[in-house]
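Each remark here refers to the structure printed beneath this line.
The values are calculated or read from the model by the stated rules, or taken from the named source; none is laboratory data. From a predicted model like this one, the values you see are computed outputs, not experimental measurements. Here the Cβ positions follow ideal geometry from the backbone for every residue, glycine too, while neighbour counts run over all protein chains shown. For accessibility, only protein heavy atoms count, side chains too; no ligands or nucleic acids. Shrake-Rupley method; radii C 1.70, N 1.55, O 1.52, S 1.80 Å.
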Amino acid sequence: FFGNVPLMEKILFAQNLSVMIGAGLSLNRALEASAQQTNHRKFSQILNQICEDIKKGISLTDSLVKYPKVFSPLFVNMVKVGEASGTLEKVLKILADQMKKEHALISKIRHAMIYPIVIILAMIGVGVLMMVVVVPQLISVFKEMNTELPLATKFLINSSEFLSHHWILGFLIIVALISTIRFFLKTKIGIFYFDWTILRLPIFGNISRKLNSARLARTLGSLIESGVPIIQGLKIVSGTLSNSFFRNSLQTAADNIQKGESLNGTIRFYHELYPPMVGQMVELGEETGTLGEILSKLADFYEEEVDNITKSLASIIEPLLMIVIGVVVGFFAISLIQPMYGLMQNM
């Protein structure tokens, strides 16, 4: 019931709570003010409930844990460190800044994908329209030819007749197919093959590596600067990354550090995932004792890299879309024109 709270609401909450605590307001009064300021009804109810928990003597961390769909492990653990160290104001500010940059990064990628998605949907719409409206009008012409039709034309005619007479069944098949794919992608083997494929795609593989490297650097840097031990930080960060190969690498890194090994050693071992610069900067941070600061600078670099890639993504994908559209249009053209051309030759 308390799910789907927008990220911007949580950013404003962390930011405003930090300011109010810094101004000297008690945590209870700051939470009451935050509940009144938000326009999101569900989130307001959550904050009021947290406020009631605080009045009963429950810690902020223990109260946040009750809403795992709203407050991520990263959010909860950073607040826990802030409460334990007496630096809740500082930790909330770091958390707000980290979520702002995460939100900006995700928004840029989503905006870059709008154009190709619209083109693909329009192409599918035109294809369905051709199959339902145009092709049926030509079927009678093809039947009157009394000649052997090419395989592509037969396929087009059979598909058109199926969609025209059994469109409900066709719709249900498409829904079932999409549902099956979504279910498969939630299984372990489905996640494995999807993530494996993404990493090997020419454009998206590069984006995935740099995006996950930026998230790792930004989140782990924020946790270290907040006072979270690196092993605990790696386990928290592993839950925030989008690719299972990166998540597994951080779990391995946490286990290796417990055995006395360095973080950069694990990063360099997974050279197919992390760009060389990540291992080099992590090694520098470990040697100088400034890992948190180095990771923040590394995050700035890769966030800018992802930003530059997403800005040119439309111009990169456009030629590929033109090729796909050309192939589809060519298939329709050959399937419809070839029988007529063959008939004219036989006359």
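When restricted to residues that are loosely packed, with under 14 Cβ neighbours inside 10 Å and at pLDDT below 90, region 38-55 contains 3.
Using the structure shown, decide if GLY125 is surrounded by fewer than 16 Cβ atoms within 10 Å (Cβ to Cβ), more than 30 Å from SER18 (Cβ to Cβ) and modelled with pLDDT of 80 or more. The answer is yes for GLY125.
Among the residues of region 73-95, those identified as under 19 Å from VAL237 (Cβ atoms) and open to solvent by 50 Å² or more (accessible area, probe 1.4 Å) are PRO73, LYS80.
Give VAL118, VAL133 a once-over and let me know the one that is loosely packed, with under 11 Cβ neighbours inside 10 Å, assigned to a helix (DSSP H, G or I) and not polar (S, T, N, Q). Break it down into steps so the answer makes sense when it comes.
Details: VAL133 fails: loosely packed, with under 11 Cβ neighbours inside 10 Å.
It is VAL118.
Here SER335 clears all of (1) touching a Leu at 6+ places or on another chain (Cβ under 9 Å); (2) open to solvent by 30 Å² or more (accessible area, probe 1.4 Å); (3) modelled with pLDDT under 80 except the condition numbered (2). When region 213-238 is filtered for residues that are among the polar types (S, T, N, Q) and either over 22 Å from GLY279 (Cβ atoms) or out of contact with any Lys or Arg (no Cβ under 9 Å at 6 or more places or on another chain) (or both), the ones remaining, listed by number, are SER213, THR219, SER222, SER226, GLN232.
A search for C-beta distances below 8 Å between a residue of region 42-64 that is aliphatic (A, V, I, L, M) and any residue that is not in a helix (DSSP H, G or I), counting only pairs 6+ apart in sequence or on different chains, returns ILE46/PHE2; ILE46/VAL5; ILE46/TYR67; ILE46/VAL70; LEU47/THR38; LEU64/PHE71.
Got a number for residues in region 234-262 being over 21 Å from the mean Cα position of the chain (by Cα) and surrounded by 17 or more Cβ atoms within 10 Å (Cβ to Cβ)? Walk me through it before giving the result.
At the first step, the residues of region 234-262 found to be over 21 Å from the mean Cα position of the chain (by Cα) are 252-262.
Restricting the remaining residues to those that are surrounded by 17 or more Cβ atoms within 10 Å (Cβ to Cβ) gives 253-254, 256-257.
Of the residues in region 234-262, 4 are over 21 Å from the mean Cα position of the chain (by Cα) and surrounded by 17 or more Cβ atoms within 10 Å (Cβ to Cβ).
Just to confirm my filter: which helices (runs of 4 or more DSSP H) fall fully inside region 152-266 and include at least 2 residues that are closer than 30 Å to LEU336 by Cα? Give the steps one after another, and end with the answer.
Details: elements: 167-186, 188-200, 204-225, 230-238, 244-258.
By residue number, 167-186.
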